[in-house]
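Following: one structure in structure tokens, then a few remarks.
The values are calculated or read from the model by the stated rules, or taken from the named source; none is laboratory data. From a predicted model like this one, the values you see are computed outputs, not experimental measurements. Cβ coordinates were reconstructed from backbone atoms using ideal geometry, including for glycine residues, and neighbour counts include every protein chain displayed. Ligands, DNA and RNA are stripped out before the accessible areas are found, and what is left, the full protein with its side chains, is counted by its heavy atoms. Shrake-Rupley method; radii C 1.70, N 1.55, O 1.52, S 1.80 Å.
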Amino acid sequence: AEHHEDALAVREAEFSITRRVGASGIDILVSQTNLANSYHALGRMEQALQLERGVYYDSLRLLGEEDGDTIRSANNYASSLVDLQRFEEAKSLLRKTIPVARRVLGDDNILTLKMRWYYAGALYTDPGATLDDL
């Protein structure tokens with residue numbers, strides 16, 4: 001776990017510098033994603049979620065909903081929502097983004113399949129899920 005702590009320190013510095021030097025929006029998103037991944041690896045799920053939410057909404061704004069990186073950021077965000085048992089938020093996000101992934105990437109794309117897997121997991125695990133969620 002020590003190398004994850006070391007990586008976190010590097011990624012926090014990278015993110016800070018990236019923002020400070022006026023890097024492009026894309027470079028900031030990459031740095032922010034890396035930092036979220038470090039938080040996730042250390043089990044700091046709330047911090048990872050906050051960053052992933054930001055990456056997703058900034059990706060929407062900068063790249064549009066049909067960009068592969070935006071779809072990937074939606075997947076990361078949804079995964080964390082499910083991990084934190086925020087099933088309603090996860091289901092709402094995935095109901096919007098799975099059709100985009102299917103249209104842009106195709107039904108048999110691994111990212112599309114992962115998103116559908118997370119949706120199924122949210123349905124299966126959520127004690128409040130109903131048939132209407134299908």
Can you work out the PRE-style zone for residue 124? Point 7 Å along Cα to Cβ, and I want the residues of the range 62-91 with backbone N under 18 Å.
78-88, 90-91
Taking the Cα centre of the chain as the origin, how large is its charge dipole in debye, to the nearest 20, when only Lys and Arg (+1) and Asp and Glu (-1) carry charge on their Cβ atoms?
260 debye
What FRET efficiency would be calculated for the residue pair residue 66, residue 116, taking the C-beta separation as r and a Förster radius of 25 Å, to the nearest 0.05?
0.90
Stretched fully, the stretch from residue 4 through residue 92 gains (0.36 nm per residue minus C-alpha distance, one decimal, in nm) 28.5 nm
Tell me the per residue accessible area of the chain using a 1.4 Å probe; a whole number in Å² is fine.
57 Å²
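Magnitude of the Cβ-charge dipole of the range 24-86, K/R +1 and D/E -1, about the Cα centre, nearest 20 debye? Kindly include the intermediate steps, with their values, before the conclusion.
Values: 5 positive and 9 negative charges, 48 e Å.
That gives a dipole near 240 debye.
Based on the mean of other beta carbon atoms within 10 Å per residue, what is the order of 112-120, 39-47, most packed first? Kindly include the intermediate steps, with their values, before the conclusion.
Values: 112-120: 18.1, 39-47: 15.2.
Order by mean packing, descending: 112-120, 39-47.
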What net charge is computed for the residues neighbouring residue 117, neighbours being all others with C-beta under 14 Å from the C-beta of residue 117, Lys and Arg scored +1, Asp and Glu -1?
+1
Could you work out what % of the accessible surface of the chain is carbon and sulfur, using a 1.4 angstrom probe and leaving DNA, RNA and ligands out of the count?
52 percent
Tally Lys/Arg at +1 and Asp/Glu at -1 over every other residue whose Cβ is under 15 Å from the Cβ of residue 59; what's the total?
-3
